[in-house]
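Asks: Just passing along the structure, written as structure tokens.
The values are calculated or read from the model by the stated rules, or taken from the named source; none is laboratory data. Bear in mind the structure is a predicted one, so any value in this text is a computation, not a measurement. Neighbour counts run over all protein chains shown; Cβ positions are idealised from the backbone, glycine included. Each accessible area value is taken on the protein alone, full model and side chains, heavy atoms only, with ligands, DNA and RNA left out. Shrake-Rupley method; radii C 1.70, N 1.55, O 1.52, S 1.80 Å.
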Protein chains: 2
Amino acid sequence: MAGRRATINDVASLAGVSIATASKALNGRQDVRASTRQRVLAAAEELSFQPNALARGLLSGQTRTVGLLTSDSAGRFGIPVLLGAEDAFGAGEMAVLLCDARGDAIREQHHLRALLSRRVDGLIVVGESTNPRLSVSRDLGVPVVYAYGPSDDPEDVSFVPDDVGGAAMAMNHLIALGRRRIAHVTGPEHYKAARDRVAGVALALSEAGLEQAGDTLWGTWSQRWGRHAAEMLLMAQPEIDAVFCGSDQVAAGFVEAVRERGRRVPDDIAVIGYDNWEVLSTETRPALTTVDMNLELLGRTAAQHLFAAIDGRATPGVHRMPCQLVIRDSTASSA
Amino acid sequence: MAGRRATINDVASLAGVSIATASKALNGRQDVRASTRQRVLAAAEELSFQPNALARGLLSGQTRTVGLLTSDSAGRFGIPVLLGAEDAFGAGEMAVLLCDARGDAIREQHHLRALLSRRVDGLIVVGESTNPRLSVSRDLGVPVVYAYGPSDDPEDVSFVPDDVGGAAMAMNHLIALGRRRIAHVTGPEHYKAARDRVAGVALALSEAGLEQAGDTLWGTWSQRWGRHAAEMLLMAQPEIDAVFCGSDQVAAGFVEAVRERGRRVPDDIAVIGYDNWEVLSTETRPALTTVDMNLELLGRTAAQHLFAAIDGRATPGVHRMPCQLVIRDSTASSA
DNA sequence: CGGGTTACTGAAAAGGGTTTCGAAAAATAT
DNA sequence: ATATTTTTCGAAACCCTTTTCAGTAACCCG
């Protein structure tokens, strides 16, 4: 804690040069004799000089800092996106200002103002669900990229998981395994994620010329609902041979109830989950086949596109990022 | 995106005053006529003027920004601490620079330098476990508070959960319920959290004049280990009437295996977990009694103490934050 | 009407770095 | 030796805000 922090002035006087020369030497510019540069570098080292990012930013207008605005970072989905973004930024020498609005619009405005006054170079807005959210980009003056939850303004840049594709991928896997009486148990209808997956299911079924086994069962994203749905389904349609669940939680509950009823997974009924939430998907018995939304990659991609947008190369629109099927025992071939 | 951003200069000319007057008017200082202030405020509003935090920080030497350095924010424990801290800072108009070192010392140094060059007012270091970690405070020039994982330097300020007290609290609950043959299944011995809880168990047992049922079973923090431990335990010591598990994951596996063996929870065997990881503790059947480490509160407290430290009122040492017992069905009175 | 207050206002400096431009020094050409 | 070019260096402006300090105008009182 050596009292005051060293400035370039201190470095310059210790090296016996002007601050202009010191600056050039430190930043690797031309027009500095090698021996002089050597002296300046040594002086900087001795004083453990760190250029003041505030002064630098004030002059250049670039803070090399981005804001990360999340509505609900407590949620499972925000975190991986956030980590992916942080990772991409860290590699690019960018710093991340984290703001959690806790789903409160007032707080969001407040954070937005704070970020703007700190002159961030750009902004990533991480949604709490894949439902479109109000755009904040209007008149903001800095580029914004939306991740997970897209903006409602098509002019904005958004990155979301391709839930339609993910669901279709899961269904195609079941169909390829020879399952023909496939049910679909999912979460609340007001989630776009749930509706998109319904669309993906329909797509895959119609391509295969199949009918869904019964109506889609809407519920909650909970294990409890998975159990309940399993009980209803085994009663009403005991002939089903596969179920696509809207989340790993639902799938975990479903599997548990199926086993308790004396039916086997995957032999009698194959089960697929969604999210690849590893604490759940790998710990259930049998381990869950599930759809991974690659959220960390999504966050990283969003961050990279924010870089591009900062450089003036924005790519407006909603970009759907492919999901990935992770195959485990709950759909193992009943060979 | 109105081209350049408005400066106080623009506000001043629009209001027809000098920049000094504008500044005073905006900051609510004396020596400005009410009508003049009114005009300035209107001008600022019209230009949507936001004072440049860089210029302000450069002058005052205070950035109203703190660094949050985590080793592993992917972990379950870092997140709540982080959220609590972010919450406390947000309320105090502070901004949070998030850095995740991913457990890499080089990356940590790099982030540390970046934070310092941005002139953060303080730093919170969030550990990935409660094992003590290398101090970063030496010669840093800004106050540092450690959360969850304490610093190895007793001169530093650290906040950690009181695992000894938490474990004792759990055991006392079992003892109060009349259980007398209590076993302890926990995670790897190289975790200080596991060792502390062993100490808490011993404390509670000796106070009650009881012996532990068998040796402590060390394993991993997984559900798999919980199941395995249950199988071993039911074989070797079928007389046990309660188990204290080192985590909710272990407890969930334990409960599952116990039920499969035809023994009832809590009637035959009461089970307590640790962490209060709600997706697990509330979804198992029966729902788990568990110890909550109040991590969000811990993060908030750490943040508040960082404020104090920034004001020069540091309170060195390791502060243990009390845990809280959350009682659910897995220890329900078998009345 | 002059002296002493009081109420405002504005010029200027400071904070730390980068960059431009001009000047000095050194090297080369004439 | 002088003229010209090249290299190296330093003074000063600039980024934006806050704050100090000096100055102006209005006001009150004698």
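Asks: Does A:Arg5 fit the bill of being of a type in the set (Lys, Arg), more than 10 Å from DNA strand D (Cβ to nearest atom) and assigned to a loop (DSSP other than H, G, I, E, B)? Spell out how you get there, then give the answer.
Replies: Values: of a type in the set (Lys, Arg): yes; more than 10 Å from DNA strand D (Cβ to nearest atom): yes; assigned to a loop (DSSP other than H, G, I, E, B): yes.
Yes; evaluated as a whole, the condition is true for this residue.
Asks: Just for segment A:131-160: of the residues that are acidic (Asp, Glu) and in contact (Cβ under 8 Å) with a residue 12 or more places away in the chain, which one is most open to solvent (accessible area, probe 1.4 Å)?
Replies: Going through segment A:131-160, the residues acidic (Asp, Glu) turn out to be A:139, A:152-153, A:155-156.
Filter once more, so that each one left must be in contact (Cβ under 8 Å) with a residue 12 or more places away in the chain: A:152-153, A:155-156.
Numbers: A:Asp152: 81, A:Asp153: 30, A:Glu155: 134, A:Asp156: 17 Å².
Filtering first and then ranking leaves A:Glu155.
Asks: So for segment A:241-255 (the condition being out of contact with any Phe, Trp or Tyr (no Cβ under 7 Å at 6 or more places or on another chain), without any contact (Cβ under 8 Å) to a residue 60 or more places away in the chain and surrounded by fewer than 24 Cβ atoms within 10 Å (Cβ to Cβ)), does at least one residue qualify?
Replies: Our first condition is that a residue be out of contact with any Phe, Trp or Tyr (no Cβ under 7 Å at 6 or more places or on another chain); within segment A:241-255, this holds for A:241-242, A:244, A:251-252, A:254-255.
Cutting the leftovers down to without any contact (Cβ under 8 Å) to a residue 60 or more places away in the chain gives us A:252.
Add one more test, that the residue is surrounded by fewer than 24 Cβ atoms within 10 Å (Cβ to Cβ), and what stays is none.
No, every residue in segment A:241-255 fails to be out of contact with any Phe, Trp or Tyr (no Cβ under 7 Å at 6 or more places or on another chain), without any contact (Cβ under 8 Å) to a residue 60 or more places away in the chain and surrounded by fewer than 24 Cβ atoms within 10 Å (Cβ to Cβ).
Asks: I would also like to ask the following. Go through (1) under 19 Å from the mean Cα position of the chain (by Cα); (2) within 22 Å of B:Asp121 (Cα to Cα); (3) open to solvent by 40 Å² or more (accessible area, probe 1.4 Å) for B:Thr301 and report which single condition fails.
Replies: Unmet condition: (3).
Asks: Filtering segment B:28-49 down to residues that are away from every other protein chain (no Cβ under 14 Å) and among the hydrophobic types (A, V, I, L, M, F, W, C), which residue is farthest from DNA strand C (Cβ to nearest atom)?
Replies: Initial filter on segment B:28-49 (away from every other protein chain (no Cβ under 14 Å)): B:28-43.
Next cut, among the hydrophobic types (A, V, I, L, M, F, W, C) only: B:32, B:34, B:40-43.
Details: B:Val32: 5, B:Ala34: 7, B:Val40: 9, B:Leu41: 13, B:Ala42: 14, B:Ala43: 13 Å.
Filtering first and then ranking leaves B:Ala42.
Asks: Kindly indicate which of B:Ala20, B:Ala25 is open to solvent by less than 20 Å² (accessible area, probe 1.4 Å), farther than 27 Å from A:Arg102 by Cβ and either within 13 Å of DNA strand D (Cβ to nearest atom) or within 10 Å of chain A (Cβ to nearest Cβ) (or both). First the steps, then the outcome.
Replies: Working: B:Ala20 fails: open to solvent by less than 20 Å² (accessible area, probe 1.4 Å).
Residue meeting the stated conditions: B:Ala25.
Asks: A further question on this structure: Exactly one of (1) open to solvent by 10 Å² or more (accessible area, probe 1.4 Å); (2) within 21 Å of the chain's Cα centre (by Cα) is unmet by A:Gly166. Its number?
Replies: (1)
Asks: Check off (1) of a type outside the set (A, V, I, L, M, F, W, C); (2) facing chain A (nearest Cβ under 10 Å); (3) away from DNA strand D (no atom under 16 Å from the Cβ); (4) out of contact with any Ser or Thr (no Cβ under 6 Å at 6 or more places or on another chain) for B:Arg64 and give me the number that stays unchecked.
Replies: Result: B:Arg64 fails condition (3) only.
Asks: Let me ask something else about it. Of the residues B:Ala20, B:Ala42, B:Ala88, B:Ala101, which is assigned by TED's automatic domain parsing to the domain that holds B:Val136, hydrophobic (A, V, I, L, M, F, W, C) and free of Cβ contacts under 8 Å to residues at least 40 places away in the same chain?
Replies: Among B:Ala20, B:Ala42, B:Ala88, B:Ala101, only B:Ala101 is assigned by TED's automatic domain parsing to the domain that holds B:Val136, hydrophobic (A, V, I, L, M, F, W, C) and free of Cβ contacts under 8 Å to residues at least 40 places away in the same chain.
Asks: Quick check, is A:Ala202 within 19 Å of A:Leu325 (Cα to Cα), without any contact (Cβ under 8 Å) to a residue 24 or more places away in the chain, part of a helix (DSSP H, G or I) and not basic (Lys, Arg)?
Replies: Numbers: within 19 Å of A:Leu325 (Cα to Cα): yes; without any contact (Cβ under 8 Å) to a residue 24 or more places away in the chain: yes; part of a helix (DSSP H, G or I): yes; not basic (Lys, Arg): yes.
So A:Ala202 passes the test.
Asks: Moving on. Please go through segment B:121-130 and pick out each residue that is open to solvent by less than 10 Å² (accessible area, probe 1.4 Å) and under 20 Å from B:Asp311 (Cβ atoms).
Replies: Answer for segment B:121-130, where residues must be open to solvent by less than 10 Å² (accessible area, probe 1.4 Å) and under 20 Å from B:Asp311 (Cβ atoms): B:Gly122, B:Leu123, B:Ile124, B:Val125.
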